[in-house]
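Colleague: Quick one: the structure is below, and I'll ask about it shortly.
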Amino acid sequence: MALWEEALRLLELALQQRCLLAEELTNETAGSTDSLPMSASQPLQGPCPEQRLVRALKRVEEQLGELAAAVSSKLASSHGSLVHEAGLVMQASTLISSCHNLVGIAWVLPTRVAGAARNANSTGHQAVLRLAAGALSLLMGPGRRLMQHPARLGDSVLPFLLSGQLTAARDILTLLVEPCWTDPAVATAARSALLEAVQLLASAAAAIQRVDPRMHGTAQRCPASFVALVDLLLSDSCPPLFEAATAAVGRDAGLQRQLMDGLLYALNWLLGSIEAQQAAAGSRAGAGGGGEQPDGTLPSKQLWVVAIHTLICLNTPQLESGRQALARAGAAAQLLAPAAAVLRLLAGPGISADDQSAATGVACQLLSAVARALLPSEPAVPASPQQLRDAGWAVLGLLPDAAAALRLIGKADVEVDGTPTDDEAASTARLMHVTVAVGYCSFAMQLASAAPAVSSPAQTRAWCHAAEAALLLLPLASRVHHRFPRASGQLQELRLGASNLAAAAANIWSTYLEPVSDMQHRLTRSEAGRREVAAAAAEPLWRLHSAAVRLVHHAASAEGAQLRELHPCLAEWRWYAAHLANTFQIVFDVHRIACDVSDSEEATAGLKRRWQAICAAQAGAVQVLGSRLGLPPNRLDIGFTLDLRYIAAAAPPPVLTADLLAAFEYVVRQDWQAACARGGPPALVAAVPGQGIDYLWERLHRVIVEAEQWPRYAALLLSSGLLAQGLQLGKRLARETDDEPLPSLARSLLATLVAICRNLAHESSIQLEALQGSSASGGAAIPGDTAEQQQRQQQQEEEQRQRHAVRIQAALGQLQQAVLQSPGPNDMLLAVPAEALPQALTAFQQGLLPAATRAAEAMQALWAEPWEQQAALVQLARAAAVRGCAHLRCASLELEGGPAAGQAKGSKRCSGCRVAWYCSTACQLADWRGPLGHKKVCKALAAERQQQREQQQQQAQAAGDP
């Protein structure tokens, strides 16, 4: 061993001291054929440089053989440390790589440069073969066995041993597969070496997972060395040489799983290093300083290259069985998590556009590979529904990152389409990258919608993020689709990929709506379930609804014509209406629950503002959809019943235009008439006796139940006569059918009616106190041209307030007296016997209903006053301000706006009030000039904001804060 160490030391010294350039080969030494030991200055003897190199390689091969025998002997013993032997193998690995460099400069590089068949002579061939044999004997034998004894090596030695051996193995294999060798013996040795390398990789895959990624120095090069060897082994650059090795990998599913585990571990390691470097770069930039790369760590650019190659390896056909096994074992999330991490890091500093495109492409390709492994039309053995669901959720989890990456690399093409540039070829090339990735992504999205099932609020949250991301991808898909209008061949396939993505995005949104609704109803039966749903699902559902509403406005815009050509469903306005209504119902109900379970007044107020913003946005979308369906604005059809009912109940008053209110009354009456019509929809009256009257009472209850929570909605139902008409329809149907509703339905309806009247009385008393308080203070001053005009306006408003106070007080007194004479809601549910329910309904119609109607009319008259309407406009503006774009009819799916005000980097803030945010100048101008324009409330919002700031300063001063 002493002889080997001395020779190795001298050889390394010679290699380090001399420049390895082809023109200086005559001055190089790499070893000696003389007896050892030798001096560092002793030259190699020989007639020419090539002969001296041949003799040196021969001597190196002999020494490698001696080392292999010595290490094998030490490994045969079952005790003792192997650190010394590992150190020798690491030095030998460095020597092997140095010899590889010498051979490359002496023989391989000149052949590449000359472009001719300048090959080493047979003596050179034999020298390379001997070197390869000695290196492989060491690396694939005792070297590989060393990696299998981590306990005897120690945690600090293993990474250095692993990195060195993998690098040396890659170098020697690269040397053997060079096309410059014409000797068949070299090709035979290459095939044999590649087969042996398969087993080395299996050991390395297990060993690399025992290395701590937090180690510094050479250990940080382990993942790059491992990936480089895998990349070489799975290469298809020279099929005759690689065929046997790749076939061996393809036949062994267990080996594929080992390689994939190692690749995933290496990729996570690489991404951790990239993220750390990005964070460090950000810190140095913030501090205004520079900074050096940590010792032994690859630069970020090289790390990205290795990470991309790792994803490419994971996508290779040779690992198809391993991917399928992972996906079917419920590990699709484990397989896709690193790809998601790659996509999340794309927007970080130092990532070029080309790297972004390449990383996005291979990440989306991995998505597609997982989908192809499981979709029923792809594998020979179809996956089970549970396997499809597990993999579908893994894909859904990755979709937001994939969509963000696609939009990021697609931005350059947006600029090219909008403004001609000098680099049209580069833009087209990037668009091709985007298009290919879109095709991959569309296939994965088909898997996500193959077996929808939702079992938890966390899954609802994941689906919301994925569906939102999918909808926001539609403009990009539309641009790809229309960039190749007359495509053929491969381009036609790319165009088809964009169309498929649009269909998959639509399916992800639509197919999960019913499972999400079912899960919500199931969980919200308990208090714990209600809290869990509210905490996990309220915000993401709001984000999804915001994207869906913007999709409707985008589809109705001039740019939306291209979008509607993507897929047939995107051209069907009824499709938009149905799925937007279902989304609205879910998000409405979840926000109702969130307000009920909220423990903070501030949080409840925020939830209510968001709730109102949701209803206001839905109102605009409903009007657009009705117009596109060719319906009169005040005569929408029954398909909008649920939308209009929730909008009438909870939307801010300025949104409730005369047309919307007329449409609401119309669809409700149509629904009730349909329930009463014999043989008409739902045709229950003629089917089974009793079901017709029960159905009508159920429909009545659905319309009025929201009035328990929303006094303005109660006043609308009463003052419009809609409630009275519904009750009259019920009595008429009972007479015509000689039947009565189920007692449970009748009690429930009557209890709700009583509760509505009591709540309306409570709201009337609140309004009366406000009016009396305002009257006592002399009213609020309204700005005018002169002090005299202001005083006259104040007097007129004061008189109007007094008249409203008198009217509401009189109506309230009658209502309170009627309420006292009627049973309470609980008594109505429990105490009234079944046979007395018709009389109870008659008593309500004759007593409570008229009094409640007079109170409702008085309240409606008050709310119609200009000062009340201005206050309502301010309330609407506050609600709209929680959106990423305060313009309720925002049609942008690409500009940075976001679902929450001010959170997106492209948001624009109103300079007047500094409360409202917009996604673009166009939306800001449209909102300023609109019928509910921001112009009318900007000053009021600014005054409120200033008042809040002053209050906060006063509170801080009172608390002693600086």
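Colleague: With the structure loaded, tell me whether ASP231 is on the phi < 0 side of the Ramachandran plot, modelled with pLDDT under 85 and touching a His at 6+ places or on another chain (Cβ under 9 Å) or whether it fails that test.
Modeller: Details: on the phi < 0 side of the Ramachandran plot: yes; modelled with pLDDT under 85: no; touching a His at 6+ places or on another chain (Cβ under 9 Å): yes.
So ASP231 does not fit the description; no.
Colleague: Out of the residues in region 763-787 that are among the small types (Gly, Ala, Ser) and at pLDDT 90 or above, which is least open to solvent (accessible area, probe 1.4 Å)? Lay out the reasoning, then the answer.
Modeller: At the first step, the residues of region 763-787 found to be among the small types (Gly, Ala, Ser) are 764-765, 770, 773-781, 784, 787.
Applying the additional criterion that residues be at pLDDT 90 or above yields 764-765.
Working: SER764: 2, SER765: 32 Å².
So, considering only residues that are among the small types (Gly, Ala, Ser) and at pLDDT 90 or above, the one least open to solvent (accessible area, probe 1.4 Å) is SER764.
Colleague: Something else now. Taking region 638-677, which residues are over 30 Å from PRO866 (Cα atoms) and more than 37 Å from the chain's Cα centre (by Cα)?
Modeller: ARG669, GLN670, ASP671, TRP672, GLN673, ALA674, ALA675, CYS676, ALA677
Colleague: Further question: Counting only residues that are at pLDDT 80 or above and open to solvent by 30 Å² or more (accessible area, probe 1.4 Å), how many does region 149-176 have?
Modeller: Taking region 149-176 first, the residues at pLDDT 80 or above are 157-176.
From what is left, the residues that are open to solvent by 30 Å² or more (accessible area, probe 1.4 Å) are 160, 167, 170, 174.
Result for region 149-176: 4.
Colleague: Would you pick out the residues in region 788-826 that are open to solvent by 80 Å² or more (accessible area, probe 1.4 Å) and of a type in the set (A, V, I, L, M, F, W, C)?
Modeller: The initial filter retains those residues of region 788-826 that are open to solvent by 80 Å² or more (accessible area, probe 1.4 Å), namely 788, 791-792, 795-796, 799, 802-803, 806-807, 809, 814, 816-817, 820-821, 826.
Across region 788-826, the qualifying residues are VAL806, LEU820.
Colleague: Working only within region 77-122, note down all residues that are open to solvent by 70 Å² or more (accessible area, probe 1.4 Å), polar (S, T, N, Q) and either at pLDDT below 70 or touching a strand residue (DSSP E or B) at 6+ places or on another chain (Cβ under 6 Å) (or both).
Modeller: Across region 77-122, the qualifying residues are SER78, ASN121, SER122.
Colleague: Also, quick follow-up: Looking at region 344-369 only, could you name the residues that are farther than 17 Å from LEU501 by Cα, open to solvent by less than 10 Å² (accessible area, probe 1.4 Å) and under 18 Å from the mean Cα position of the chain (by Cα)?
Modeller: Residues satisfying the conditions are LEU346, ALA359.
Colleague: Return the residues of region 180-223 that are assigned to a loop (DSSP other than H, G, I, E, B), at pLDDT below 80 and within 46 Å of the chain's Cα centre (by Cα); say none if nothing qualifies.
Modeller: Hits for region 180-223 are ARG214, MET215, HIS216.
Colleague: Filter region 450-467 down to the residues that are within 19 Å of ALA477 (Cβ to Cβ) and crowded, with 23+ Cβ neighbours inside 10 Å and list them by number. Break it down into steps so the answer makes sense when it comes.
Modeller: Initially, region 450-467 is screened for residues within 19 Å of ALA477 (Cβ to Cβ), giving 465-467.
Across region 450-467, the qualifying residues are ALA466, ALA467.
Colleague: Could you give me the residue pairs with C-beta distances under 7 Å whose first residue belongs to region 543-559 and is open to solvent by 20 Å² or more (accessible area, probe 1.4 Å), whose second residue is assigned to a helix (DSSP H, G or I) wherever it lies, and which are 6+ apart or on separate chains?
Modeller: Filtered contacts from region 543-559: ARG543/CYS464; ARG543/GLU468; ALA556/VAL624; ALA556/ARG628.
Colleague: Any idea how many residues of region 531-541 are touching a Lys or Arg at 6+ places or on another chain (Cβ under 6 Å) and open to solvent by 10 Å² or more (accessible area, probe 1.4 Å)?
Modeller: The total comes to 1.
Colleague: Only one of these is modelled with pLDDT under 95, touching a Lys or Arg at 6+ places or on another chain (Cβ under 8 Å) and either of a type in the set (Val, Ile, Thr) or closer than 21 Å to ALA662 by Cβ (or both): LEU636, LEU629, LEU642. Name it. Steps first, please.
Modeller: Values: LEU636 fails: touching a Lys or Arg at 6+ places or on another chain (Cβ under 8 Å); LEU642 fails: touching a Lys or Arg at 6+ places or on another chain (Cβ under 8 Å).
Just one listed residue meets the conditions, LEU629.
Colleague: Also: Could you check ARG635 against (1) closer than 18 Å to ARG712 by Cα; (2) over 30 Å from the mean Cα position of the chain (by Cα) and say which number it fails?
Modeller: Condition (1) is where ARG635 drops out.
Colleague: Turning to a different aspect of this structure: Given the residues GLN845, GLN869, which is the only one that is in contact (Cβ under 8 Å) with a residue 24 or more places away in the chain and open to solvent by less than 50 Å² (accessible area, probe 1.4 Å)?
Modeller: Details: GLN869 fails: open to solvent by less than 50 Å² (accessible area, probe 1.4 Å).
When all the criteria are applied, what remains is GLN845.
The values are calculated or read from the model by the stated rules, or taken from the named source; none is laboratory data. Quick caveat, the model's predicted, so the values are computed rather than measured. Glycine gets a Cβ as well: all are built from the backbone with ideal geometry, and neighbour counts include every protein chain shown. Ligands, DNA and RNA are stripped out before the accessible areas are found, and what is left, the full protein with its side chains, is counted by its heavy atoms. Shrake-Rupley method; radii C 1.70, N 1.55, O 1.52, S 1.80 Å.
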